[in-house]
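The values are calculated or read from the model by the stated rules, or taken from the named source; none is laboratory data. Model, not experiment: these values are computed from the prediction. Counting neighbours? That spans all protein chains shown, and the Cβs are built from the backbone with ideal geometry, glycine included.
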Amino acid sequence: MADPPTPVPVNIPPSFVFPTIGPALFSALRDAKPQRIVLQVPAGLIRNAHDLAARLREETGARVTVATRACFGACDFPSVDEAPKSDVAVVLGHSPIPNVRVVRPTYFVEMRDPGGDPEALAATVASAALPRKLGLVVSVQHLDLVEALTRALERGGREVRVGQGDRRLAYPAQALGCNYTGAEAVAADVDAFLFVGTGRFHPIGLAFAVDRPVWSLDPLQNVIEPPIDRGALIRKRQLTVARARDALHWGILVSSFAGQNRMPTALALQERAQSRGRDAEILVFDRLDPRDLEGRALDAYVNTACPRIALDDGELYAKPMLTPPEFLMALGELPLESYRFDTYH
């Protein structure tokens with residue numbers, strides 16, 4: 001199988017992107033001669049964080065700091081305030097986001113997993129009787145499967161489309177929790193989507209973004225899940241929009257994370273609210289906690305940071321939490337149908 005395409009981020013050389021932990025990463029870090037390294041590890045790899053920190057110290061001779069706050073993606077890499085004396089950052093489990101500028105040299109270790117037999121996976125898809133025309137979407141860890149799995153599915157009589165997303169996606173077929181533009185690019189040409197990866201996070205986001213059935217295939221277990229009930233997801237959000245239609249006092253949430261900050265969007269939404277006779281106050285945060293919004297004299301919120309805060313965690317908040325498109329639905333400027341996902345470009 002051919003090598004995966006090389007990402008070309010705005011200011012991150014391809015030499016700063018590694019498929020997994022290994023000699024190439026350690027060699028690049030030694031060449032950089034950092035005095036201090038900040039290491040960021042997602043929740044699924046926390047158990048190995050301290051062993052890796054020790055290995056980085058051994059291989060480079062640098063001091064290593066482990067960032068302990070929750071890591072949601074390449075959009076919230078360690079800030080200067082978190083590790084002010086670190087020369088470089090090592091970020092595990094994520095690819096760079098091409099249009100997000102980093103604050104220091106950052107080495108992205110994508111943790112590619114070569115597991116999964118393409119022929120066996122294609123046989124599982126065939127046994128589940130998926131539609132013939134499929135769009136293929138994967139998490140970054142399983143990008144190396146795309147080419148071989150596409151060929152195996154096509155040998156079984158299916159047509160497979162792999163879409164290239166916008167400037168926020170480094171690879172064709174890639175999914176981000178806030179961006180499924182690769183899938184959207186081919187949605188008109190397919191009858192359904194096959195997501196290849198683990199967990200429900202990406203399939204749910206994909207189901208919000210495209211009006212097609214979404215099947216999930218775990219390549220490590222070779223288990224396929226039935227389509228997500230998109231209608232139920234959308235109806236739940238429409239009810240939340242309906243609850244917020246009479247809200248007069250709005251809070252507009254803005255993240256301070258470099259990869260999530262949409263202050264221009266927030267200011268534009270504030271103007272739209274005021275033109276409709278509503279009050280709207282901008283609230284800035286880094287990591288949002290429901291307790292941060294308790295006791296405020298506001299009726300509802302619109303979240304301009306990661307859309308999954310509203311879509312996945314909205315029930316944790318006492319007041320309605322909407323995405324920007326949902327906010328415009330509540331103001332009557334967008335129809336409830338067809339539902340629009342808050343794609344972060």
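The table that follows gives values for the structure above.
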{"item": "Matching strands (runs of 3 or more DSSP E) fully within the stretch 153-222 where at least 3 residues are buried (at least 20 other Cβ atoms within 10 Å of the Cβ) and at pLDDT 95 or above", "result": "192-196, 214-218"}
{"item": "Index of the failed condition, residue 226 passing every other in (1) surrounded by fewer than 23 Cβ atoms within 10 Å (Cβ to Cβ); (2) at pLDDT 95 or above", "result": "(2)"}
{"item": "Residue 217, sole failed condition from (1) over 22 Å from residue 300 (Cα atoms); (2) over 19 Å from the mean Cα position of the chain (by Cα)", "result": "(2)"}
{"item": "Filter result for residue 88 (among the β-branched types (Val, Ile, Thr), more than 30 Å from residue 213 (Cα to Cα) and buried (at least 19 other Cβ atoms within 10 Å of the Cβ))", "result": "yes"}
{"item": "Any hit, the stretch 287-302, residues being surrounded by 15 or more Cβ atoms within 10 Å (Cβ to Cβ), assigned to a helix (DSSP H, G or I) and outside the structural domain of residue 103 (by TED's automatic domain parsing)", "result": "yes"}
{"item": "Qualifying residue in the stretch 96-111 (condition: in contact with a Cys (Cβ under 7 Å, 6 or more places away or on another chain), surrounded by 23 or more Cβ atoms within 10 Å (Cβ to Cβ) and under 28 Å from residue 151 (Cα atoms))", "result": "yes"}
{"item": "Sole residue being part of a strand (DSSP E or B), of a type outside the set (Asp, Glu) and not assigned by TED's automatic domain parsing to the domain that holds residue 100, chosen from 280, 247, 258", "result": "280"}
{"item": "Residue that is touching an Asp or Glu at 6+ places or on another chain (Cβ under 9 Å), of a type outside the set (S, T, N, Q), crowded, with 19+ Cβ neighbours inside 10 Å and without any contact (Cβ under 8 Å) to a residue 60 or more places away in the chain, where the choices are 247, 280, 266", "result": "280"}
{"item": "Only one of 134, 153, 130, 143 that is farther than 20 Å from residue 46 by Cα, in contact with a Pro (Cβ under 8 Å, 6 or more places away or on another chain) and not assigned by TED's automatic domain parsing to the domain that holds residue 44", "result": "143"}
{"item": "Some residue of the stretch 280-294 being at pLDDT 95 or above, touching a strand residue (DSSP E or B) at 6+ places or on another chain (Cβ under 8 Å), of a type in the set (D, E, K, R) and closer than 24 Å to residue 231 by Cβ", "result": "no"}
